[in-house]
Amino acid sequence: MLASVGAEWMKLRKRPSTWVLGGVWLAMLVFFAYVLPYLTADSDTGPEAAGALASTLPAELVGNAVAGYALFGGALALILGALSAGSEYGWGTVKTALTQGPGRLNVLGGMLAALGLTLVGMVVLTFAVSAGASAIVASIESAPYDWPPVADIVTGMAGGWLVLAMFALGGVALGTATRGTSMAIGLGLVWVFVVEGLIRASASALEFLDTVQRALPGVNGGSLTAALGARTVEEGGAPGVSTLISGWQATLVVAVLAGGFALVAGWLQRARDVV
Amino acid sequence: MTATAALDRAANTSPATTEPVLVARGLTKRYGDVLAVDAVDLEVHPGEVYGFLGPNGAGKTTTMRMLLGLIRPTAGTATVLGHRPGSPQALAEVGALVESPGFYPYLSGRDNLRVLARYSGTPSYRIGAVLELVDLAGRAGDRFSTYSLGMKQRLGVAAALLKDPRLLILDEPTNGLDPAGMAEMRELVRRLGEEGRAVLLSSHLLGEVQQVCDRIGIIAGGRIVTESTVSELRGQADLVVVAEPLSQAHQVIAGLVGDGAVAQQGDALRCQVPAQQVAEVNRALVSAGIDVTELRREEKSLEEVFLSLTGSGATIGEGGSHVG
Ligand SMILES: Nc1ncnc2c1ncn2[C@@H]1O[C@H](COP(=O)(O)OP(=O)(O)O)[C@@H](O)[C@H]1O
Ligand SMILES: [Mg+2]
């Protein structure tokens, strides 16, 4: 499968949209996780402003870096996955790649592995940019450079990666199922930004919706990032972050959902005619 | 019945001593109510260029997709180089261009081939070689999206050749090419056949397959209507004779090939004369003192061949009789 990983990696690396998505993510990270909280704290007093400033300091590196993964980061990862899988249908490259002979699941496996690698890069960049931003804040504020322990950083990276991987796999499954990009991205974003929000909002009123929401990708992603240290919405943190579900349960559900998306994509890839 | 006769003839003239590289038996594909491919039997031998001739919608692409494992047959079986279609073993030595060439628009031609070479585990020195072969080396660094239709098609052929395959499956590779490009493509396919590769070439142009193929299978409505060698198809071309006096010429030719095979058409005679008898007709006319101003073979259009092959059994019988 290494050969297919190499092929997919080359496609991803040279594809402009990969870099656009990465750039958009980092710009959003700097603005929403650092610049905005800093400006809020600067122009305001009170507990929320103090919390906002604290989140930008080195001690909160892990939580602040992964805070956006449950919603915005996840949405971008979903787009990345949907583009990777769906474009192949639009361009007619499915047949071209498959007739090279590596086998259908091998081609898909290569795509998933290359996406996984790309997300590793994204997570590392996220942490690096976050560290840089909080170092700047610390120096301006003359706050201590109180970095979290390495073990926490590694756990944070792994958990954050898992959340992004789940969304990317969801995108791959959608792109494969719809044999295209626009429908896949449209459906995926409507799900992430609309459907989940509506279910969450109604969950307190209807008991079965409360059960349903505990299985949702965004809710579990948000709970996982909260467990890693992200501030919840109630604390003025990023949208989607909540402590509804315990960290370990959320990790498990995220992993199961990721596996489920991969299975769906694999089954479709294997069973369907390429026309 | 007559189609079977055609198949028997084809079997006699094909190099049956070697293992076929491609065998299909009763290959069938049904899409809902549409029977896209209906019990197609096919054999392609090493070094043979097999023309798969049929109008649009005949089932050529669908058959090729099945042979490449892209779609599953509804019924029937096929082996490609002794393996199941679409299996890595079968695809290892098969190069294919199916329908329009599908490439990554944001990558250069060369990078596209690099990606494919990675998938197939082909050493990268092949990339330069195949780009050279299809005359794309000069533009290989440009993005695929900037290519003309003809360049895209040529890159598709380059991709098909990347693995240095024993069997090529080319689906209408001259689509979108200008006349010069078509001629080049035909030359390339012919050369590939001469190198000992087997080629399955589909086309809706009779002239095209006639010029490059050893054997031709005509497909219509998902069925192989007939299989024949190029010379057999050529044999069905009419001989057009313009001579003075025409009525005397009519008599002379009718005396050689029978009255039923000669028909007057305007100021010319349209005769069904086997290829090997044309010279004899010419001699007879001249020695009878007739002024022959025109003597040419007019190949039938694909439409006419179809009609003669599918329309009435008698026509096929005549067409085939002068070969055996
Ligand atoms: N995916 C599909 N779904 C439904 N019908 C199809 C599909 N692909 C091909 N067909 C039908 O099958 C027939 C054969 O098509 P095709 O193999 O593309 O013909 P050709 O390549 O000879 O032009 C046509 O009638 C076409 O409409
Ligand atoms: Mg076709």
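The values are calculated or read from the model by the stated rules, or taken from the named source; none is laboratory data. All of these numbers come straight from a predicted model, not from anything done at the bench. Cβ sites come from the backbone with ideal geometry, for glycine too, and all protein chains shown count toward neighbours.
Please go through the stretch A:248-275 and pick out each residue that is within 16 Å of ligand 2 (Cβ to nearest atom) and in contact (Cβ under 8 Å) with a residue 40 or more places away in the chain. Lay out the reasoning, then the answer.
As a first pass, look at the stretch A:248-275 and keep what is within 16 Å of ligand 2 (Cβ to nearest atom): A:273-275.
Within the stretch A:248-275, just A:Val274 meets the criteria.
If we keep just the residues of the stretch A:84-107 that are of a type in the set (A, V, I, L, M, F, W, C) and buried (at least 24 other Cβ atoms within 10 Å of the Cβ), which is nearest to the other protein chains (Cβ to nearest Cβ)?
Ranking the qualifying residues of the stretch A:84-107, first place goes to A:Ala97.
Inspect the stretch B:48-61 for any residue being at the interface with chain A (Cβ under 10 Å from one of its Cβ atoms) and free of Cβ contacts under 8 Å to residues at least 40 places away in the same chain and give the result as yes or no.
no
Identify all residues within the stretch B:58-78 that are farther than 15 Å from B:Asp171 by Cα and within 9 Å of ligand 1 (Cβ to nearest atom); write none if there are none.
Selection gives B:Ile71 alone.
Residues that are on the phi < 0 side of the Ramachandran plot and at the interface with chain A (Cβ under 9 Å from one of its Cβ atoms), at least 2 per element: which strands (runs of 3 or more DSSP E) completely within the stretch B:69-173 meet that?
Correct list: B:94-97.
Quick one: is A:Leu169 away from chain B (no Cβ under 14 Å) and out of contact with any Cys (no Cβ under 9 Å at 6 or more places or on another chain)? Walk me through how you get there before you give the answer.
Working: away from chain B (no Cβ under 14 Å): yes; out of contact with any Cys (no Cβ under 9 Å at 6 or more places or on another chain): yes.
Judged against the criteria, A:Leu169 is a match.
Could you run through the stretch B:237-281 and say how many residues are under 30 Å from the mean Cα position of the chain (by Cα) and in a loop (DSSP other than H, G, I, E, B)?
Summing the residues that are under 30 Å from the mean Cα position of the chain (by Cα) and in a loop (DSSP other than H, G, I, E, B) in the stretch B:237-281 gives 4.
If we only count helices (runs of 4 or more DSSP H) wholly inside the stretch A:95-207, which ones have 2 or more residues that are under 23 Å from A:Ser17 (Cβ atoms)? Steps first, please.
On the way: elements: A:104-141, A:150-178, A:182-190, A:196-203.
Of the helices (runs of 4 or more DSSP H) lying wholly inside the stretch A:95-207, those with at least 2 residues that are under 23 Å from A:Ser17 (Cβ atoms) span A:104-141, A:150-178, A:182-190.
In this structure, is B:Gly176 small (Gly, Ala, Ser), within 16 Å of ligand 1 (Cβ to nearest atom) and more than 10 Å from every other protein chain (Cβ to nearest Cβ)?
Yes; evaluated as a whole, the condition is true for this residue.
When only residues in the stretch B:31-57 that are within 14 Å of ligand 1 (Cβ to nearest atom) and not in a strand (DSSP E or B) count, which is surrounded by the most Cβ atoms within 10 Å (Cβ to Cβ)?
B:Gly54
Do you know which residues across the stretch A:2-25 are at the interface with chain B (Cβ under 7 Å from one of its Cβ atoms) and either basic (Lys, Arg) or at positive phi (or both)? Let's see the steps before the verdict.
Residues of the stretch A:2-25 that are at the interface with chain B (Cβ under 7 Å from one of its Cβ atoms), as a first pass: A:3-4, A:6-7, A:10-11, A:14-16.
Result: A:Lys11, A:Lys14, A:Arg15.
Results for (1) within 14 Å of chain B (Cβ to nearest Cβ); (2) at pLDDT 95 or above; (3) surrounded by 15 or more Cβ atoms within 10 Å (Cβ to Cβ); (4) away from ligand 1 (no atom under 16 Å from the Cβ), shown as yes or no for each residue.
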| residue | (1), (2), (3), (4) |
| --- | --- |
| A:Asp210 | no, no, yes, yes |
| A:Gln213 | no, no, yes, yes |
| A:Ser223 | no, yes, yes, yes |
| A:Val256 | no, yes, no, yes |
| A:Ala262 | no, yes, yes, yes |
